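Here is the structure we will look at.
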Amino acid sequence: MTTDRIPMTREGFDKKKADLERMKGFEMVEVTKRVATARDMGDLSENAEYHAAREDQGMLQARIRLVEDELARAYIVDPASLPKDTVVFGSRVTVHDLDMDEDEVFEFVGPGSENADKGRILTTSPIGQGLLGKKKGEIAEIQVPRGVIRFKVVEIAPPQ
């Protein structure tokens with residue numbers, strides 16, 4: 001786990017915190033009951049239900065640790081305090097894909113608020129990193145798994 005600070009809106013932070021409480025409460029209680037029920041079935045060395053429940057319990061504990069780490073490193077960003085003419089956390093930016101000759105719109109968000117289908121991408125994603133700090137008219141060349149994409153910043157809507 002890294003020590004990098006993670007920008008989040010109040011909404012994203014609250015959503016992550018609610019997810020953590022649900023995992024530590026309801027989900028952990030349910031998986032613990034499954035482990036206990038499977039343990040009562042007898043021989044643990046050949047008990048598939050027990051091993052599956054223990055594996056689920058371990059994965060849930062790992063998810064809990066990950067969210068706890070993200071919340072510990074989070075800082076709440078007030079979008080009103082950020083620059084209006086530069087791509088920053090919270091910006092909604094329209095870019096022109098120079099290779100595909102089409103426009104795309106991205107909103108830069110923190111963990112808990114991302115939704116690729118709605119164009120809400122993490123500032124830590126390759127596209128996020130490539131566009132952060134750019135101004136209208138500038139071109140970003142971004143290395144992604146399928147190669148290099150080239151975006152020209154067409155418009156920047158400041159954080160709401």
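Quick one: would you say residue 35 is of a type in the set (Val, Ile, Thr), open to solvent by less than 90 Å² (accessible area, probe 1.4 Å) and not in a strand (DSSP E or B)?
On the way: of a type in the set (Val, Ile, Thr): yes; open to solvent by less than 90 Å² (accessible area, probe 1.4 Å): yes; not in a strand (DSSP E or B): yes.
For residue 35, the condition - of a type in the set (Val, Ile, Thr), open to solvent by less than 90 Å² (accessible area, probe 1.4 Å) and not in a strand (DSSP E or B) - is met.
Quick one: would you say residue 149 is touching a Phe, Trp or Tyr at 6+ places or on another chain (Cβ under 8 Å), of a type in the set (A, V, I, L, M) and in a strand (DSSP E or B)? Write out each step before concluding.
Working: touching a Phe, Trp or Tyr at 6+ places or on another chain (Cβ under 8 Å): no; of a type in the set (A, V, I, L, M): yes; in a strand (DSSP E or B): yes.
No.
Can you name the number of the only condition in (1) surrounded by 17 or more Cβ atoms within 10 Å (Cβ to Cβ); (2) over 14 Å from the mean Cα position of the chain (by Cα) that residue 51 fails?
Result: residue 51 passes all but (1).
Identify the residue in segment 1-32 that is modelled with pLDDT under 85 and of a type in the set (D, E, K, R) and, among all such residues, is surrounded by the fewest Cβ atoms within 10 Å (Cβ to Cβ).
4
Scan segment 95-112 and give yes if some residue there is modelled with pLDDT of 90 or more, in contact with an Asp or Glu (Cβ under 6 Å, 6 or more places away or on another chain) and aliphatic (A, V, I, L, M), otherwise no.
Within segment 95-112 (the criterion being modelled with pLDDT of 90 or more, in contact with an Asp or Glu (Cβ under 6 Å, 6 or more places away or on another chain) and aliphatic (A, V, I, L, M)), the answer is yes, since at least one residue qualifies.
List pairs: first in segment 1-30 and farther than 16 Å from residue 63 by Cβ and part of a helix (DSSP H, G or I), second among the β-branched types (Val, Ile, Thr) and open to solvent by less than 40 Å² (accessible area, probe 1.4 Å), Cβ under 7 Å, 6+ apart or cross-chain?
Going by the 7 Å Cβ cut-off, the qualifying pairs are 12/109.
Given the residues 70, 49, which is the only one that is of a type outside the set (A, V, I, L, M) and within 30 Å of residue 121 (Cβ to Cβ)?
On the way: 49 fails: within 30 Å of residue 121 (Cβ to Cβ).
Testing whether each residue is of a type outside the set (A, V, I, L, M) and within 30 Å of residue 121 (Cβ to Cβ) leaves just 70.
Among the residues in segment 118-132, are any over 30 Å from residue 23 (Cβ atoms), of a type outside the set (A, V, I, L, M, F, W, C) and either within 22 Å of the chain's Cα centre (by Cα) or modelled with pLDDT of 90 or more (or both)?
Yes, the conditions are met somewhere in segment 118-132.
The values are calculated or read from the model by the stated rules, or taken from the named source; none is laboratory data. Since we're looking at a predicted model, the values are computed, not measured. Note that we place each Cβ from the backbone using ideal geometry, even for glycine, and neighbour counts take in every protein chain shown. With ligands, DNA and RNA removed, areas are computed over all heavy atoms of the protein, side chains included. Shrake-Rupley method; radii C 1.70, N 1.55, O 1.52, S 1.80 Å.
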